[in-house]
1. Which value at 222 nm does the chain reach when only helices count, each DSSP H run of 4 or more adding -39,500 (n - 2.57), with the total divided by all residues and rounded to the nearest 500 deg cm²/dmol?
2. Multiply the residue separation of Ala32 and Val100 by 0.36 nm, subtract the distance between their alpha-carbon atoms, and state the gained length in nm to one decimal.
3. Cα to Cα, under 16 Å, and not fewer than 8 places away if on the same chain: which aspartates and glutamates meet these conditions relative to Lys45?
4. What does the charge count around Leu29 come to, taking other residues whose C-beta lies under 15 Å from its C-beta (Lys +1, Arg +1, Asp -1, Glu -1)?
5. Sequence neighbours fewer than 8 away in the same chain don't count; with that in mind, list the lysines whose C-alpha is under 18 Å from Lys74.
Amino acid sequence: MFISHAQPQALGSIIVPTPGTPVALDSALITAGIMVNNDTFPANKILIQAYGGAIGNPALSGSPNAGNVYIGSKSMVRATLAGVIKVLVPGEYWTITTNVATNKYYLDKLYVDADHANDGVYGNADQN
């Protein structure tokens, strides 16, 4: 189990290269070498923001997302919203929190998908 020394832990930029192929919320942490694959990151709070407004997407040369991004399970289906927890328009954010301090949310169980290639999100997770 991963224990973050940074509270909250920045998740980095999570980009969906191919719409219809969800990307795990912990993918940028694994790519950066902060976590290893198959490690778990239990969190009490997760904040996710879709690129848009004043915050441009680095994969789109600083432009906002071209469409919606979706937070959900690995098997989510954007067209029917099956397995989708939240739909984010460009610039919108979503927070999920538990006040019981039992680290109920796992980054490796939450995924991002998008309507357009290279759209994405950024955010943070807190274990405290």
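FYI, it's all coordinate maths here, none of it is from the lab. All values derive from a computational prediction rather than experimental measurement. Because the Cβ atoms are built from the backbone with ideal geometry, glycine has one as well, and the counts that use them run over all protein chains shown.
1. -500 deg cm²/dmol
2. My answer for the length gained is 21.5 nm.
3. Excluding near neighbours in sequence, the set is Asp26, Asp108, Asp126.
4. Net local charge, Leu29 excluded: -3.
5. Those lysines meeting the cut-off are Lys86, Lys104, Lys109.
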